[in-house]
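Here the structure comes first, spelled out in structure tokens, and everything after it is commentary.
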Amino acid sequence: MNIKTSKMPWRLIEEKRLAKVNKREYRKVSSKKLSSHTASEEFDILGDRAKIIRVPASGKIWQFRMWISEEGKYIRQSLKTRDFKTAMDLAEKKVFETLGDIHSGKKIFSIKLSELVEQYLDSRRIDVEQNRITLGRMNAMKSQLKHFINFKSPDFKLGELAKNSLYDYEAWRKTERPSTQAITIRNEQSTINHMMKFAFKEGYSKYNSFEFCPITIKGKDQLRRDIFTMDEYRNLVRFLRTYCSKQECPDELVRMERLLIRDAILIATNTMLRVGEFQQLKWGDIAGYEDRNSQNGTLLRLVTINVRKETSKVQRDRTVVARGGEYFERLMERSTFTNDDDLVFTSIRGKSKFPRYKWYENWKNLMYGIGLDYKKRNLTYYSLRHFGITCRIAAEVPIATLADNAGTSLAMIEKHYLHTDIPMLRITAIKDIPADQYGVNSEDTETNGSGSDIR
């Protein structure tokens, strides 16, 4: 591009108009001597685009003022000089910069961080409605951006942040919560910068990203969720009976919540659904049940589940056929909300989702109850899917079939699951993985004697 001819059309027009005005023949608008505090001088800039003003109370420092009709506000800014000629030069430059920003669609007045986050999340809600991202992903972004706001403050102006203002974000997060994994912080930074692309596009920021201190993921921070051993999982199932018993939990409302958690754990393990998938299940997603005998003759209650793409991480519909239909049936028996549009895992008192904090509160209690350091080993609800898939691999289920049922790829199975010590698992698991081998069936009075591989 020829630099000499690269001016934008608006600026050429503006310069032609202003050529009629001698830039040094400034029009004095007013000079009123009312008092030392109210006396003022005003001069038009570039015709009538803006003004410079000063009052004795400001130490005769010249100030810039320009009306922004697009946003219905005045720009008011100190020029930090008492010299008239310097003030005029600075003001003219400011006018052209501002007109350029307006022409390119940028906002002149800075937005609060809380307002930016709200607008960004509003834009992503459309993505949820159009199935471009899952609701689970949406909630994750909301949680991540809370940390961003807390790093500064909700009322902090975006325009006051430089490109490197978040360079110490990782250090702050580690101070705020030392147990926070490096990979978690890096994911948060990625979300923040995705929001900044939105801010840049909307004209709220001069930058489309922040510069963060580089994070190296290594050692224990190369987060691979730990897996339950067969003994640990068996202990969890057994402890659930105590945890949900009337003796242990006389409060009927709390007991109902614990029974929901129990069935959620068993369903998550047997169906291998992702956390977001099973938490967003609706009764209308349950296509049906059927009774089949396993290879060893155990009567099984199979369930067919239609996983909607809007709830799936991979944004694809799929059909899951799994053991554990009896868990859905007893959930339905206890629930008041069983219409097709009602959530399977709903709050006890209403149709909203089962509260997030109760999921974590109960998990903490369960892990403490069976003596596992779940934080150190990163055992979460997702670990149930991990355990379920690993058991199927140990039982020599064809990997292609397993990948299809679990809604993942062969590559992901190979990368994240085939590292498991298969020979060791074969010692503690057989192909059907019958519950009776571990005495689970005989001890669970609510199963009506139906077997399951992972109970």
Footprinting exposure proxy for Phe200, Phe148 (fewest neighbouring C-beta atoms within 10 Å first): Phe200, Phe148
Filter on Lys353/Lys376; Lys112/Lys353; Lys80/Lys157; Lys282/Lys313 - keep pairs with C-alpha separation over 19 Å: Lys353/Lys376; Lys112/Lys353; Lys80/Lys157
Summed residue charge, Cβ within 10 Å of Ile261's Cβ, Lys/Arg positive, Asp/Glu negative: 0
Contour excess over end-to-end distance, with Cα ends at Asp342 and Ser179 and 0.36 nm allotted per residue: 55.0 nm
Per-pair calculated FRET efficiency, R0 = 35 Å: Arg76 and Gln315 via Cβ, rounded to 0.05: 0.15
Cα gyration tensor shape for the stretch 113-221, rounded if a/c is under 1.5, else prolate or oblate: oblate
Rounded, prolate or oblate (a/c below 1.5 giving rounded, otherwise prolate when a/b exceeds b/c) for the stretch 230-443 by Cα gyration tensor: rounded
Spacing of the two label points (7 Å from each Cα toward its C-beta) at Asn296 and Glu42, in nm: 9.1 nm
Gain upon complete extension [Asp231, Lys206; 0.36 nm per residue less C-alpha separation]: 3.4 nm
Separation of alpha-carbon centers, the stretch 272-296 and the stretch 138-156, rounded to whole Å: 35 Å
Per-residue ³J(HN,Hα) for the stretch 371-376, Karplus 6.51 cos²θ - 1.76 cosθ + 1.60, θ = phi - 60°, Hz, x for Gly and Pro: x, 10, 7, 5, 5, 4
Stretch gain in nm, segment Ala287-Tyr382, where the contour uses 0.36 nm per residue and the Cα spacing is subtracted: 31.8 nm
Estimated inter-spin distance, Asn164 and Lys93, nm [label 7 Å along Cα→Cβ]: 2.3 nm
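Quick note: the coordinates plus some simple rules give every number you see, no bench work behind them. Small disclaimer: the values here were computed from a predicted structure and weren't measured. Here the Cβ is made from the backbone with ideal geometry for all residues, glycine too, and neighbour counts use every protein chain on show.
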